[in-house]
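Since every read-out is calculated from the coordinates, none of them should be taken as a lab result. What you see is a predicted model, and the numbers here were worked out from it, not measured in a lab. Every residue, glycine among them, receives a Cβ derived from its backbone with ideal geometry; neighbour counts consider all protein chains shown.
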Amino acid sequence: LGQGADIDIALDDAATRKQAEIKTDDGRKEKLYLFYDGESLTGRVNVTLKGKKLEHQGIRIEFVGQIELYYDRGNHHEFTSLVKELARPGELTQSTSYPFEFLNVEKPYESYTGANVRLRYFLRVTITKRLTDTVREMDLVVHTLSHYPEVNSSIKMEVGIEDCLHIEFEYNKSKYHLKDVIVGKIYFLLVRIKIKHMELAIIKRETTGSGPNTFNENETIAKYEIMDGAPVRGESIPIRLFLSGYELTPTMRDVNKKFSVRYYLNLVLVDEEERRYFKQQEVTLWRKADK
Amino acid sequence: DTSRLDSKRQTLDDAYAAPA
Amino acid sequence: QEKLLEEAQQVVKVQAFQMKRSLDKGKLMDGLKNASNMLGELRTSLLSPKGYYELYMSVCDELRHLEQYLLDEYQKGHKIADLYELVQYAGNIVPRLYLLITVGIVYIKAHQSSRKDIMKDLVEMCRGVQHPLRGLFLRNYLLQCTRNYLPDTEKDESDNPETAGGNIEDSIDFILLNFAEMNKLWVRMQHQGHSRDWEKREKERNELRILVGTNLVRLSQLETVDVERYKKDILPEVIEQVVSCRDTIAQEYLMECIIQVFPDEFHLQTLSMFLKACADLNTAVNVKNIIIAMIDRLALFACRDDTAGIPSDLKLFDIFSLQIAGIIEARSDMPTEDIVALQVSLINLALKCYQDRVDYIDKVLETTAAIFEKLKLEHLKYNSAVAKELQRLLKIPVDSYNNILTLLKLQHYVRVVEYLDYEGRKTISAYIINNAIDNNLPVPSQEQVDQILTLVAPLVK
């Protein structure tokens, strides 16, 4: 039957194509080739024989986009799958290189690695054999870009606990791109508690499942102290929080009906007895094209 | 744009009032 | 406290060493991280103000090294991208703002950005530190760093808005805002902690007064500030803060600070405003000392050879006389001896600045008598505080004129003497007679002799 082969996938534009970092499911980070929706993937599949020959039932390359839910590892939900046959069943007697191309490929969602779900894109080469197939995958990362929102209203709200604490908070936008700056202020209307400090947290909420099986995983991405000490009525505290310092993804709502990733700003006031008073507000994050 | 938002000026009575 | 301070200083020392090592190797991010760790010690709530001050001074010394490193880099042409943004990534506000001020100053010195915008941004962003002690020192750091870099010209010297340097108005606004915020924090300190520790807190607050006063010093160092600007833009704002804060320590200190740091020429033109404010100060404030300090200052100014003296159109005595009357009226619980002390200072002013104006002395005596009549006082006990002050008042013209005949011209002198008891009147009489004998002045007319004998009636009768 032959001793098998090594498979290598080489993109035509490997030398010039940008790479981007993404977390792997074991928490490490890796750099992968970066693609956008509509871009083509072209390259070559190099099959290097280990022995003198290799009998096979066919060689193909697939472009796959899939969602993996960690609690359901066996089931992968492929939302996009393109196949190209590289070789019909036969016998390889020498190492061979096959060109491939996938033109103007639709990539509707951004790559994502989360606590309970992963969305990935990859090229997969399969050499089908009688017993065990030889498979090689090459992961890619996809970013989804948005245009600047036409309407981007500020968030301004008054909240409080009667006779205790009233504030008016304002954030300059409701939609922020990933390198944006949250500019805001907190105005104190009534202060009758001993505040120790105030912070703004960025919370990521990953939602998987649906209906009664909905599961939310919250992660505090950032805690940013915006005030030290106790203000009195009439005090106005400025906020300036640079998002580029944090690992964020765009907001993802109901991706392929499988999961969502949303972001919240959590304004937290902590008093002298460590009691926490908070107000959470959803914001939309989006990815802006680089200049 | 990172410019601060405009803020209301605190009255002097509030500024120097004892914490409530 | 000693142990806590020592531990904190040790951390500062270690982090500063690592910061310098990182910067020497060109590792800016590491250096900033070390600096941030070092500045983290200034987040402490455990140190007394004195201890915090010592820690703060150590940290400032080390920050100068960072500032110099960054400035050298800019001056060599090594632009550090987005440094102002970079330091704002720091998660804790106290280290973040110290770093921001340090970088802001580097930007100003290296002309990297609009000086005016940076100054405004720094003084506003410091609002985030509302803790009184930490806020005071942070703003003091801001003031010290900007000390030689505040714009001091009528017009902005830059055409480019991106590197706008600002002008004197921007400097005044900057310092006044910083002053207002610092005074607010300083006054708020009295409310921190348990009421049983109030006295200890007031003592600690007193030790920190110079942090607030430095703002006024900085204002006085601006060369472009003339008397008009002082009158319109500076003094009203400062006085508004001082009066509104309603805090005894703050008011006493700041009013005296105003007198000390600003030139006498400014005081001459703003006397009414200043003295009116004295009437509105907290009842516990020793207004007498403030007014006397101002009078003494101006009296000294009048006597100096190197100045033009008091302008002839400025009726200094009238202004003081009127305003002091207003203050006495407004402050109904002012001790009587303080009222008399104010009259003493008025007489001193009259004698120093208007030697020929015997009528001014008489006016003071008339006012004193009127006050005593209103208060229905009589026969003040010899060793009482009021009597002592009154005797001081009565002796001044004697010592100043050394001429009993001039003393006779004071029509209200005898009236005031009558308010003393027998012992007091006897003492004053003896004082007058001894002065006359010492000066050996002949009394030319019988009428004058009669007047003298009436003056010293307690001895005669």
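With the simple spin-label model, which puts each label point 7 Å out from Cα in the Cβ direction, the C:Arg43 to C:Lys200 separation comes to 2.6 nm. Residues whose amide H comes within less than 5 Å of that of A:Ala5, counting only those at least five positions distant or on another chain, are A:Lys50 (H built at 1.01 Å from N in the peptide plane).
Give me the extension gain from C:Arg21 to C:Glu6: residue separation times 0.36 nm, minus the current Cα-Cα distance, reported in nm with one decimal.
Details: separation 15, 0.36 × 15 = 5.40 nm, distance 2.25 nm.
My answer for the length gained is 3.1 nm.
With neighbours defined as other Cβ atoms within 10 Å of a residue's Cβ, the residues A:Trp286, C:Trp198 order from fewest to most as C:Trp198, A:Trp286. Counting, for every residue in A:217-225, the Cβ atoms of other protein chains within 10 Å of its Cβ and taking the mean gives 2.
On the basis of the beta-carbon distance and an R0 of 45 Å, C:Asp226 and C:Asp438 show a calculated FRET efficiency of 0.40. Over 22 Å between C-alpha atoms is what I'm after, so list which of C:Lys231/C:Lys363; C:Lys20/C:Lys120; A:Lys173/A:Lys204 land there. Pairs exceeding 22 Å: C:Lys231/C:Lys363; C:Lys20/C:Lys120. Taking GluC sites (Glu not before Pro) across the range C:219-287, the ones in a DSSP loop with at most 14 further Cβ atoms lying within 10 angstrom of their Cβ are C:Glu223. Estimated from the Cβ-Cβ distance and a Förster radius of 45 angstrom, the FRET efficiency linking A:Cys164 and C:Met57 is about 0.70.
With a Cα-only, solvent-free Debye model of chain A, what are the log10 I(q)/I(0) values at q = 0.11, 0.12, 0.14, 0.16 Å⁻¹? Per q value, in the given order, log10 I(q)/I(0) is -0.77, -0.86, -1.05, -1.24. Where a Cα-Cα gap under 24 Å defines reach, which lysines qualify for C:Lys200, not counting those fewer than 8 residues away within the same chain? Filter leaves A:Lys194, A:Lys196, C:Lys3, C:Lys50, C:Lys184. What does the C-alpha gyration tensor say about the overall shape of the protein assembly as shown? Classify as rounded when a/c is under 1.5, otherwise prolate if a/b is larger than b/c, or oblate. Judged from the Cα gyration tensor, the protein assembly as shown comes out prolate (a/c at least 1.5, a/b above b/c).
I want to make sure I understand the PRE zone here: with the label point 7 angstrom from the Cα of C:Cys303 toward its beta carbon, which residues in the range C:331-345 have backbone N atoms less than 16 Å away? Counting backbone N atoms under 16 Å from the label point, the list is C:345.
Here r is the Cβ-Cβ distance between A:Arg44 and C:Asn282 and R0 is 60 Å; the resulting FRET efficiency, rounded to 0.05, is 0.10.
For the range A:22-92, trypsin sites (Lys or Arg not before Pro) meeting the loop criterion (DSSP other than H, G, I, E, B) and having at most 16 other Cβ atoms within 10 Å: A:Arg28, A:Lys50, A:Lys52, A:Lys53, A:Arg73.
Pull up the DSSP beta bridges for the protein assembly as shown and report the antiparallel fraction as a percent, rounded to 5.
Of the beta bridges lying entirely in the protein assembly as shown, close to 90 percent run antiparallel.
The 3J(HN,Hα) values that the Karplus relation (6.51, -1.76, 1.60; θ = phi - 60°) gives for the range C:123-128 are, in residue order, 5, 7, 5, 5, 4, x Hz. Gly and Pro appear as x.
Within straight-line reach of A:Lys31, meaning a Cα separation under 14 Å, sit the following aspartates and glutamates at least 8 residues removed in sequence or on another chain: A:Glu21, A:Asp139. Listed by chain and number, the lysines whose alpha-carbon sits under 18 Å from that of A:Lys291, ignoring those within fewer than 8 places in the same chain, are A:Lys18, A:Lys179. In sequence order, the range A:168-181 has phi-based couplings of 10, 10, 9, 10, 5, 9, 10, 10, 10, 7, 5, 10, 7, 10 Hz under the Karplus curve 6.51 cos²θ - 1.76 cosθ + 1.60, θ = phi - 60°, and Gly or Pro positions carry x. Close amide H contacts of A:Asp12 (hydrogens built in the peptide plane, cut-off under 5 Å, sequence separation of 5 or more or a different chain): A:Thr42, A:Gly43, A:Arg44.
Using DSSP to call loops (not H, G, I, E or B), can you name the trypsin sites (Lys or Arg not before Pro) in the range A:203-257 whose Cβ has at most 11 other Cβ atoms within 10 angstrom?
A:Lys257
Approximating the spin labels as points 7 Å out from Cα along Cα→Cβ, the A:Ser81-to-C:Lys13 distance works out to 6.8 nm. Multiplying the residue separation of A:Glu150 and A:Leu178 by 0.36 nm and removing their Cα-Cα distance gives an extension gain of 8.4 nm. Computed from Cα positions, the angle between helix C:385-401 and the longest principal axis of chain C comes to roughly 80 degrees.
Amide H contacts under 5 Å for A:His177: A:Trp286, restricted to partners 5 or more places along the chain or on a different chain, H placed in the peptide plane at 1.01 Å from N. A simple rule links phi to the HN-Hα coupling: the Karplus curve 6.51 cos²θ - 1.76 cosθ + 1.60 with θ = phi - 60°, which for the range C:27-43 gives 9, 5, 4, 5, x, 5, 5, 4, 4, 5, 5, 4, 5, x, 5, 7, 7 Hz, with x for Gly and Pro.
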